[in-house]
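K.L.:
Encoded as structure tokens, here's the structure I'll be asking about.
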Amino acid sequence: MMKKYFLSALMMVISMTIHAQATDNRTQVLIETSMGNIKIALYNETPKHRDNFIKLVKEGFYNGVLFHRVIPEFMVQAGDPTSKRAKPGELLGGGDLDYTVPSEVVFPKYYHKHGALAAAQDENAVNNASSACQFYIVTGKTFGPRMLDKMLTELTEKSGGKIQFTDEIKNDYKTIGGAPHLDGQYTVFGEVTEGMDVVDLIQNAEKDQNDRPLQDIKIIKAHILSTAK
């Protein structure tokens with residue numbers, strides 16, 4: 001009995017160490033907003049998106065942009081460069097840079113669970129190419145077993161069997177929630193490690209008919225905390 005307990009404790013320590021090493025090996029970014037701070041980790045498995053995001057952060061691109069689209073139980077979106085000088089009530093979301101980032105969907109390893117950081121797409125995106133600068137953070141909602149199984153079955157059939165949901169993914173969507181209908185289409189390139197309470201505040205902000213917050217919610221500054229080792 002003691003041996004089993006010791007082995008379980010040892011495995012727990014090893015698991016925690018591996019998780020810590022994985023986190024340490026990711027670039028960490030702090031996003032200071034007018035509603036609080038959000039800390040994110042960028043995935044090394046999506047290098048084009050990671051490097052592009054790092055480049056924009058270092059250039060100060062995100063300093064001053066607004067969270068221009070917020071939808072409770074779905075996501076919050078930012079990164080439109082025109083939002084820096086937007087007038088109250090102005091429709092936002094169409095601003096971008098003069099390039100796109102090739103799709104780097106790494107599903108089923110990374111998916112649209114609560115706290116996922118993903119790249120937005122233009123409605124006319126080719127081959128799921130990502131916006132150069134607009135991103136969203138998933139808040140999502142939880143799903144009951146029957147509703148989730150029905151939705152995931154439909155998504156699997158729609159993709160011709162290319163999208164298969166693991167037990168881990170299903171469990172996350174049942175417990176912490178997310179937006180499974182986006183899986184396989186948009187690139188998830190990071191996740192929130194601290195500050196989801198701030199994201200939740202942002203998603204629940206009072207908004208207009210275009211989902212823009214009535215009171216501007218601004219990214220004051222984004223900066224790199226550490227880079228992948």
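K.L.:
State the number of lysine pairs found in segment 52-183 whose Cα atoms come within less than 14 Å, restricting to pairs 8 or more positions apart or on distinct chains.
P.N.:
Summing the qualifying lysine pairs gives 10.
K.L.:
Tell me the label-point distance for the pair Thr142, Ile71, using the 7 Å Cα-to-Cβ offset, in nm and rounded to one decimal.
P.N.:
Between Thr142 and Ile71, the simple spin-label model gives 2.2 nm.
K.L.:
So with the 1.4 Å probe, I'd like the accessible area per residue for segment 115-184, rounded to whole Å².
P.N.:
Result: 51 Å² per residue.
K.L.:
What does the charge count near Gln164 come to, summing +1 for each Lys or Arg and -1 for each Asp or Glu among other residues with Cβ under 14 Å from its Cβ?
P.N.:
For residues surrounding Gln164, the net value is -2.
K.L.:
Name the aspartates and glutamates eligible as straight-distance cross-link partners of Lys229: C-alpha to C-alpha under 15 Å, and not fewer than 8 places from it in the same chain.
P.N.:
Filter leaves Asp24, Glu45, Asp51.
K.L.:
So between Asn128 and Asn204, what do we pick up on full extension, going 0.36 nm a residue minus the alpha carbon distance? Intermediate values should be presented prior to the final figure.
P.N.:
Numbers: separation 76, 0.36 × 76 = 27.36 nm, distance 2.86 nm.
Contour length minus Cα-Cα distance gives 24.5 nm.
K.L.:
Based on the Kirkwood radius over alpha-carbon pairs, what value in µm²/s does the Stokes-Einstein equation return for the translational diffusion coefficient of segment 85-229 at 10 °C and 1.306 mPa s?
P.N.:
So the translational diffusion coefficient is about 93 µm²/s.
K.L.:
In degrees from 0 to 90, rounded to the nearest 10, what is the angle of the helix 47-59 Cα long axis to the longest principal axis of the chain?
P.N.:
Roughly 50 degrees between the two axes.
K.L.:
Taking 0.36 nm per residue of sequence separation and subtracting the Cα-Cα distance, how much length would be gained by fully extending the chain between Leu214 and Glu157, in nm to one decimal?
P.N.:
In short, 16.5 nm is gained.
K.L.:
Report the full-extension gain for the segment Glu168 to Arg85: residue separation times 0.36 nm, less the Cα-Cα distance, to one decimal in nm. Present the calculation step by step, with values, prior to reporting the outcome.
P.N.:
Details: separation 83, 0.36 × 83 = 29.88 nm, distance 4.26 nm.
Extra length from Glu168 to Arg85 when fully extended: 25.6 nm.
K.L.:
Would you work out which of Tyr43, Ala222, Ser83 lies farthest towards the positive end of the dipole of the chain, given +1 charges on the beta-carbon of Lys and Arg and -1 on that of Asp and Glu, about the Cα centre?
P.N.:
Most positive-ward Cα: Tyr43.
K.L.:
Rounding to the nearest 20 debye, state how big the charge dipole of the chain is about its Cα centre with +1 on each Lys and Arg Cβ and -1 on each Asp and Glu Cβ. Please list the in-between numbers first.
P.N.:
Values: 26 positive and 28 negative charges, 119 e Å.
Result for the chain is approximately 580 debye, rounded to the nearest 20.
K.L.:
Heavy atoms only, probe 1.4 Å: what % of the accessible area of the chain goes to carbon and sulfur, would you let me know?
P.N.:
In the chain, the share of accessible area belonging to carbon and sulfur is 54 percent.
K.L.:
Do any chymotrypsin sites (Phe, Trp or Tyr not before Pro) in segment 96-141 lie in a loop, going by DSSP, with at most 13 other beta-carbon atoms within 10 Å of their beta carbon, and if so which?
P.N.:
When the chymotrypsin sites (Phe, Trp or Tyr not before Pro) of segment 96-141 are filtered for loop state and at most 13 Cβ neighbours within 10 Å, Tyr99 remain.
The values are calculated or read from the model by the stated rules, or taken from the named source; none is laboratory data. Quantities reported herein were computed from a predicted structural model and do not represent experimental measurements. All Cβ positions, even for glycine, are placed from backbone atoms using ideal geometry, and neighbour counts span all protein chains on display. SASA here: full protein model, heavy atoms, side chains in, ligands and nucleic acids out. Shrake-Rupley method; radii C 1.70, N 1.55, O 1.52, S 1.80 Å.
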